[in-house]
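Below is one structure, written out as structure tokens, with a few remarks after it.
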Amino acid sequence: MKKIKYILSAIVLSTAFFGCDDDLADTIDESAKPRVTFTVSSSNAPEIDTPEIIISIKMDKPIKTTTTFAATQIGGDAVLHEDYEVSGGVVPAYQTEGEIVISVNSDLDVEGDETAQFEVGAAAIPDLYEVIGTANITLTIEDYEFCLWNLVANDSYGDGWNGGFISVEFDGTTSTYAATHPTDTFDIPITKGSDYTITYVSGGGTGQAPGWEEENSYVLTAPDGTVFADGSGPEIPTAGVITSGTSTCN
């Protein structure tokens, strides 16, 4: 009776094992040549703050080899490594999803909108592992329209502003600027049409005292040539809003 039980158990285990193996073989059968689809997060990207365009890759079945996809530029006037970078594109073995990331490089050149047409597909692999499906994708890089301010920050002692700084707020973002040498110069772009506020923040009242603010001075020049200047010991820069308004270039 025990021998019969052992034989039956062996048959059940064998059936379970080969059944799972058959299911796995169906899932990763390269001869079926999996199809792939691509989804793009956006076809437009502004040329500021290094935005990323995501090309999502999805295969309808996994295969037992890692597959690399590429986005190859086939047209347009944008330039790789100058206007944008490309990374990613790997779908690991036994998986079905991956992504290609196109990162737009920020710059302050006035050059108009640029475009890049890409062909997206699997890189060269043996026919056995062929993945069926390509896509043509067009990306428009929108030229950043801004008005340029200039800030000259001075420290008479030469060791920096010791906690004081100038903040520039617009479009929900805040950037800060301060002297770290006797003189530092900054070009500050502010998006055209945006509401902005530029503020001097004291370093003497932020828990970093003494601020030695009698050493601090600045000259802030607006795009239309208007000058805002403050400080030059023994006077210290006035804490608070320096200027605010809507960004125009003249």
Is at least one residue of the range 152-166 of a type in the set (A, V, I, L, M, F, W, C) and touching a Ser or Thr at 6+ places or on another chain (Cβ under 6 Å)? yes
Qualifying position, being loosely packed, with under 13 Cβ neighbours inside 10 Å, in a strand (DSSP E or B) and modelled with pLDDT of 95 or more, among SER56, SER87, SER103: SER87
Taking GLY163 and the conditions (1) in contact with a Gly (Cβ under 8 Å, 6 or more places away or on another chain); (2) modelled with pLDDT of 95 or more; (3) closer than 30 Å to GLY240 by Cβ; (4) not β-branched (Val, Ile, Thr), which numbered condition does it fall short on, given that it satisfies the others? (2)
Condition check: in the same structural domain as SER232 (by TED's automatic domain parsing), surrounded by fewer than 13 Cβ atoms within 10 Å (Cβ to Cβ) and modelled with pLDDT of 90 or more. Does ASP187 satisfy that? yes
Subset tally (residues that are at pLDDT 80 or above and either over 36 Å from the mean Cα position of the chain (by Cα) or among the aliphatic types (A, V, I, L, M) (or both)) for the range 23-47: 3
Looking only at strands (runs of 3 or more DSSP E) that fall completely inside the range 108-202, which ones have 2 or more residues that are among the hydrophobic types (A, V, I, L, M, F, W, C)? 114-122, 135-142, 146-155, 165-170, 183-191, 195-201
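The values are calculated or read from the model by the stated rules, or taken from the named source; none is laboratory data. The shown structure was predicted, so the numbers you read here are calculated from the model rather than taken from an experiment. Neighbour counts are summed over all protein chains in view; Cβ atoms, including those assigned to glycine, are modelled from backbone coordinates with ideal geometry.
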